[in-house]
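Engineer: I am attaching a structure below and will ask some questions about it afterwards.
The values are calculated or read from the model by the stated rules, or taken from the named source; none is laboratory data. Every value quoted in this text rests on a predicted model; they were computed, and no experiment measured them. Counting neighbours? That spans all protein chains shown, and the Cβs are built from the backbone with ideal geometry, glycine included.
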Ligand code: EPU
């Protein structure tokens, strides 16, 4: 099967890249201009939305990231067409739809969490699907209980088996649903399932991230009537049929923040073309508090370090809070700030594991089970290391590092850029899940690096094998 043909090397898609490494010689400030395209966390969902109709859909501003390629393959395996029709543009058409075979479902689920979002299109159009145990980034348990509960409330029959979950439905029915937590994925699940359900669904305690609003915009173009009301309530009026759409995906605010942190940590200056201020207000405030500054123009946002970096206390949260995916690159910048910083992670219970490699590089990051820095969160009583205290500034030294997940991976790249000496970073294929052509962008900004330099050293291999 051919790929959509973005710039994603086949070894990345086939998970063969873990042995290839990126070598970074640190000590240079990043300076110049790069661009960001459509968000990694909206593009796959917009592609899934295209499966709700048998008509043609066009998606623009599509980034060449491996998550898009994988979902493209998945759509094809379901019987849909996906065609790369121009720079950053794909045309999709699912005139017919068939469930994935168990083997295909297992393969896709091992690489991404998107298969869980196929429930809406498949239950509405085919009446059944099987979800094997899911993959995605290794950042804690990441259960799908909310997803299964909302689908059951919409009338799906949910049968848990030893290797996954089988779902069936005749016709989904609107319901009044309250999420236990404003989960992004569970909110998307309700949206994608309820648009074709009978009558009205009212979802309370919904996620309202800009990525969710982007998906709602697509569904509205397709014929749905969805209103986002006060207090996290979303009302969805089901329709009998959806039609095609043309949509330009919102820019990636996670990638933008990552480049901003790279400018901050390396004392550089980066103009991120395509970045959008309104989706990043909270990040921009924190960026200024820590000693960075920025200039917003119609074309993008320029980021730089305005003076010595200052320590801060912050916590991650659902929108409009400070995103959990901004946390990792920001923590690397905080290792260069004067004083004691506190970061309280309230979205995921286990998202600081990556800091042990930063400590190996010379950082001083200590993890705590308590809710530090202010308010208590749902992880406070559950014995999770979810608060970090960062003492800085600490010089970092180059080392060998294995990428555990996407965001931690990019934060290791930033740490390597700050460090004295050479760092070798393995498993960089994971970074390509969400950062388009990141090695080219780093070079364009003046980084000193070699990409694809072969396998990890014996020491690191031993560490990887025993991890
Ligand atoms: N949760 C449950 N049960 C569920 C679903 C979620 O307990 O059924 C919990 C999760 O374990 C977590 C919290 O709810 O503690 C929030 O999870 P959420 O459902 O909001 O996350 P997600 O939809 O799985 C998306 C992004 C993540 C991003 C989060 C939060 C995609 C593909 N992923 O995940 O992005 O961190 O929302 O904004 O959109 C990344 O880009 O690196 C990334 C991990």
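Engineer: Can you tell me how many residues in the range 208-238 are within 15 Å of the ligand (Cβ to nearest atom), in contact with a strand residue (DSSP E or B) (Cβ under 9 Å, 6 or more places away or on another chain) and outside any strand (DSSP E or B)?
Structural biologist: 7
Engineer: Additional query: Within the range 380-402, can you find the residues that are assigned to a loop (DSSP other than H, G, I, E, B), more than 12 Å from the ligand (Cβ to nearest atom) and in contact with a strand residue (DSSP E or B) (Cβ under 8 Å, 6 or more places away or on another chain)? Explain how you work it out, then say what you get.
Structural biologist: Within the range 380-402, the subset assigned to a loop (DSSP other than H, G, I, E, B) is 380-386, 393-396, 398-399.
Imposing the further condition that a residue be more than 12 Å from the ligand (Cβ to nearest atom) reduces the set to 380-381, 383, 385, 393-396, 398-399.
Across the range 380-402, the qualifying residues are 385, 393, 394, 395, 396, 398, 399.
Engineer: Further question on the same structure: Can you tell me which of (1) buried (at least 22 other Cβ atoms within 10 Å of the Cβ); (2) in contact (Cβ under 8 Å) with a residue 60 or more places away in the chain; (3) within 26 Å of residue 322 (Cα to Cα) is the one residue 185 doesn't meet?
Structural biologist: (1)
Engineer: Next question. Is it true that residue 129 is more than 28 Å from residue 403 (Cβ to Cβ), over 23 Å from the mean Cα position of the chain (by Cα), away from the ligand (no atom under 16 Å from the Cβ) and not in a loop (DSSP other than H, G, I, E, B)? Show your work before the answer.
Structural biologist: Details: more than 28 Å from residue 403 (Cβ to Cβ): yes; over 23 Å from the mean Cα position of the chain (by Cα): yes; away from the ligand (no atom under 16 Å from the Cβ): yes; not in a loop (DSSP other than H, G, I, E, B): yes.
Spelling it out, residue 129 is indeed more than 28 Å from residue 403 (Cβ to Cβ), over 23 Å from the mean Cα position of the chain (by Cα), away from the ligand (no atom under 16 Å from the Cβ) and not in a loop (DSSP other than H, G, I, E, B).
Engineer: With respect to the numbered conditions (1) surrounded by fewer than 15 Cβ atoms within 10 Å (Cβ to Cβ); (2) within 14 Å of the ligand (Cβ to nearest atom), which one is the sole condition not fulfilled by residue 298?
Structural biologist: All conditions are met except number (2).
Engineer: If you go through the range 307-356 one residue at a time, how many are within 22 Å of the chain's Cα centre (by Cα), farther than 19 Å from residue 367 by Cβ and away from the ligand (no atom under 11 Å from the Cβ)?
Structural biologist: 1
Engineer: Here's a follow-up. Among the residues of the range 349-360, which ones are out of contact with any strand residue (DSSP E or B) (no Cβ under 6 Å at 6 or more places or on another chain), part of a loop (DSSP other than H, G, I, E, B) and modelled with pLDDT of 95 or more?
Structural biologist: Correct list: 351, 353, 354.
Engineer: Residue 142 is checked against (1) within 16 Å of the ligand (Cβ to nearest atom); (2) surrounded by fewer than 18 Cβ atoms within 10 Å (Cβ to Cβ); (3) not in a loop (DSSP other than H, G, I, E, B) and fails just one. What number does that condition carry?
Structural biologist: (3)
Engineer: Restricting to strands (runs of 3 or more DSSP E) lying wholly in the range 56-99: which have 1 or more residues that are modelled with pLDDT under 95?
Structural biologist: Numbers: elements: 56-60, 81-86, 89-93.
Counting at least 1 such residues, we get 81-86.
Engineer: When residues of the range 96-114 are filtered for being more than 16 Å from the ligand (Cβ to nearest atom) and closer than 18 Å to residue 45 by Cα, how many remain? Full working, then the answer.
Structural biologist: Of the range 96-114, the ones more than 16 Å from the ligand (Cβ to nearest atom) are 96-107.
Going one step further and asking which of them are closer than 18 Å to residue 45 by Cα, we end up with 97, 99-100, 105.
Number of matching residues: 4.
Engineer: When only residues in the range 357-379 that are crowded, with 19+ Cβ neighbours inside 10 Å and touching a residue at least 60 places away in the same chain (Cβ under 8 Å) count, which is nearest to the ligand (Cβ to nearest atom)?
Structural biologist: 377
Engineer: For the range 178-206, what are the residues that are within 12 Å of the ligand (Cβ to nearest atom) and more than 27 Å from residue 128 (Cβ to Cβ)?
Structural biologist: 181, 182, 205
Engineer: Scan the range 153-177 for residues that are surrounded by 14 or more Cβ atoms within 10 Å (Cβ to Cβ), within 16 Å of the ligand (Cβ to nearest atom) and in a strand (DSSP E or B) and jot them down.
Structural biologist: Listed by number, the residues that qualify are 158, 164, 165, 167, 177.
Engineer: Follow-up. Return the residue satisfying two criteria in turn: it lies in the range 429-452 and is part of a helix (DSSP H, G or I), in contact (Cβ under 8 Å) with a residue 40 or more places away in the chain and more than 15 Å from the ligand (Cβ to nearest atom), and of such residues it is surrounded by the fewest Cβ atoms within 10 Å (Cβ to Cβ). Steps first, please.
Structural biologist: Applying the first criterion (part of a helix (DSSP H, G or I)) to the range 429-452 yields 429-433, 438-444.
Pick out the ones that are also in contact (Cβ under 8 Å) with a residue 40 or more places away in the chain and you get 429-430, 432-433, 439, 441-442, 444.
Keeping just the survivors that are more than 15 Å from the ligand (Cβ to nearest atom) gives 439, 441-442, 444.
Values: 439: 19, 441: 22, 442: 22, 444: 15.
Out of the qualifying residues, it is 444.
Engineer: May I ask you to list the residues in the range 42-67 that are within 30 Å of residue 400 (Cβ to Cβ) and within 16 Å of the ligand (Cβ to nearest atom)? Spell out how you get there, then give the answer.
Structural biologist: First pass over the range 42-67, keeping only residues within 30 Å of residue 400 (Cβ to Cβ): 63-67.
Residues satisfying the conditions are 63, 65, 66, 67.
Engineer: Among (1) crowded, with 19+ Cβ neighbours inside 10 Å; (2) without any contact (Cβ under 8 Å) to a residue 60 or more places away in the chain, where does residue 400 come up short?
Structural biologist: That leaves (2) as the condition not met.
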